[in-house]
Amino acid sequence: DGRLTFYPGNQTVGLPFINFMRRYGTIFLNAYTNSPICCPSRAAMWSGLFTHLTESWNNFKGLDPDYVTWMDLMAKHGYHTRKYGKLDYTSGHHSVSNRVEAWTRDVDFLLRQEGRPMVNLTGDRKHIRVMEADWQNTDKAVNWIKEEAINLTQPFVLYLGLNLPHPYPSPYAGENFGSSTFLTSPYWLEKVTYEAIKIPKWSSLSEMHPVDYYSSYTKNCTGEFTKQEVRDIRAFYYAMCAETDAMLGEIISALRDTGLLKKTIVIFTADHGELAMEHRQFYKMSMYEGSSHVPLLVMGPGVKEQQQVPNVVSLVDIYPTMLDIARIPIPQNLSGYSLIPLLHGKAENEVSSKGPRPSWVLSEFHGCNVNSSTYMLRTGKWKYITYSDGRSVLPQLFDLSDDPDELTNVAIKFPVTLHSLDKMLRSIVNYPKVSSSVQRYNKRQFINWKQSLGQNYSDVIANLRWHQDWLKEPKKYENAIDKWL
């Protein structure tokens, strides 16, 4: 959650290396994901293109494996490149459950797709390496810096993808369930200030926006939760963020120890945030701030120190920025704009070869846990969220200056603003058309999958992540799918 990297969110947990980057670099106060889920978000970051242009609709459908990323271009231009850890931007990954849930989101049924969010404390006060796989990838990156990067005569670009702070798989809910366990050790939990944790306000279930209700239900959050449970989930999440910060620290220390820190640009960001029980949801897949607002900090040669940039920016800006750093000509077809003028502390109206940076960012979502294609336009103090064709589901409008927790939808109160934001959004993307093409894609993919199974469709679907709900009334749900088809 990007808000954790600046006040007031950061009162809950110490993030010393994020703070180090703030002190010696620039922090973006309004950085957003272009799609609040792993694969589509990463596809936007690696391609520099909006989701509707790459058609990275869900965690199964990303970029083609041979897509030319900014790193590929840097390699072509003489950079030594190295990638470690989670990449997750090409098609074909993630479970069958994940795919089928995304494809069937237009079906008229409600089925829980996730385990109920919960916490799990492991180890003792000396247990530092909770997410072992991330630590191993961090070690690899550190060793590469100390053994290889230090001896290179050409410039290098190193990418390290961490899984944390991501909830862990939940074996208690059966093998098909998602990742709904917030896991940490006493070592990290002690770094969290419990008294500073804010318990989010929830609307009653009957007052929730219909898409939010669907998300809350499929994420298994509509049951009763005590304040203590909510506080614990948030605390464990912050503890997981502290562990992530320590991995960032390992990279910064390795660069410092080798004398490379002063001549290396370091960028820290994330593919999406975590709701951590805000709006009666955990996970991502939402346009609310907890899910869509990402951290973005940059430090290094030429980057202004102790600078806070209020401009709205998004992950598609990474591609042109990387090319700009490497002085590689930036293709004109990209959705993003280089961050270099902002990083150098120049006026926001500094004109690039592509023209001035727009005053808005776009995010969109077409995957599981949400029963409608969703589009967010963030500009100035406004966040406009619209769904599907723009008519069949009520839009949302939030004034973030007045209502940072996004508790009051003022769409009806400001019809003129709503209309002008919708007009702006339609000039960027013909969203009703995109929504209907996603609906067609979902149906086509589901039919192909169903046919590939032969006769077993119902047995297989009954055993996906929603099996506990499905098995209560299988005929009812089969009929709903038949009706949809």
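When region 208-219 is examined, which residues are found to be open to solvent by 20 Å² or more (accessible area, probe 1.4 Å) and either among the aliphatic types (A, V, I, L, M) or at pLDDT below 95 (or both)?
Correct list: Met208 only.
Specify the residue that is surrounded by the most Cβ atoms within 10 Å (Cβ to Cβ); the eligible residues are those in region 129-157 that are of a type in the set (D, E, K, R) and under 18 Å from Asp245 (Cβ atoms).
Asp134
Anything in region 258-284 that is open to solvent by less than 10 Å² (accessible area, probe 1.4 Å) and of a type in the set (A, V, I, L, M, F, W, C)? List them, or say none.
Listed by number, the residues that qualify are Leu275, Ala276, Met277, Phe282.
Would you mind stating whether Leu275 is under 17 Å from the mean Cα position of the chain (by Cα) and free of Cβ contacts under 8 Å to residues at least 40 places away in the same chain?
For Leu275, the condition - under 17 Å from the mean Cα position of the chain (by Cα) and free of Cβ contacts under 8 Å to residues at least 40 places away in the same chain - is met.
Could you look through region 379-435, keep only residues that are small (Gly, Ala, Ser) and surrounded by 15 or more Cβ atoms within 10 Å (Cβ to Cβ), and pick out the one that is farthest from the chain's Cα centre (by Cα)?
That would be Ala411.
Say we look at region 104-128 and pick out the residues that are open to solvent by less than 60 Å² (accessible area, probe 1.4 Å), modelled with pLDDT of 95 or more and touching a strand residue (DSSP E or B) at 6+ places or on another chain (Cβ under 8 Å); which of these is farthest from Ser435 (Cα to Cα)?
Ranking the candidates gives Thr122 first.
For region 190-207, give me each residue that is open to solvent by less than 30 Å² (accessible area, probe 1.4 Å) and out of contact with any Asp or Glu (no Cβ under 8 Å at 6 or more places or on another chain).
Val192, Ile197
What single numbered condition from (1) under 26 Å from Leu53 (Cα atoms); (2) among the hydroxyl-bearing types (Ser, Thr, Tyr); (3) more than 14 Å from the chain's Cα centre (by Cα) fails to hold for Thr269?
Of the numbered conditions (1) under 26 Å from Leu53 (Cα atoms); (2) among the hydroxyl-bearing types (Ser, Thr, Tyr); (3) more than 14 Å from the chain's Cα centre (by Cα), the odd one out for Thr269 is (3).
Hey, among the residues in region 50-61 that are in contact with a Gly (Cβ under 8 Å, 6 or more places away or on another chain) and in a loop (DSSP other than H, G, I, E, B), which one's modelled with the lowest pLDDT?
Ranking the candidates gives Asn59 first.
The values are calculated or read from the model by the stated rules, or taken from the named source; none is laboratory data. Note that the coordinates shown come from a computational prediction; the quantities given were computed from them, not determined experimentally. Virtual Cβ from ideal backbone geometry, glycine too; neighbours counted across all protein chains shown. Keep in mind that these areas ignore ligands, DNA and RNA; they rest on the heavy atoms of the full protein, side chains included. Shrake-Rupley method; radii C 1.70, N 1.55, O 1.52, S 1.80 Å.
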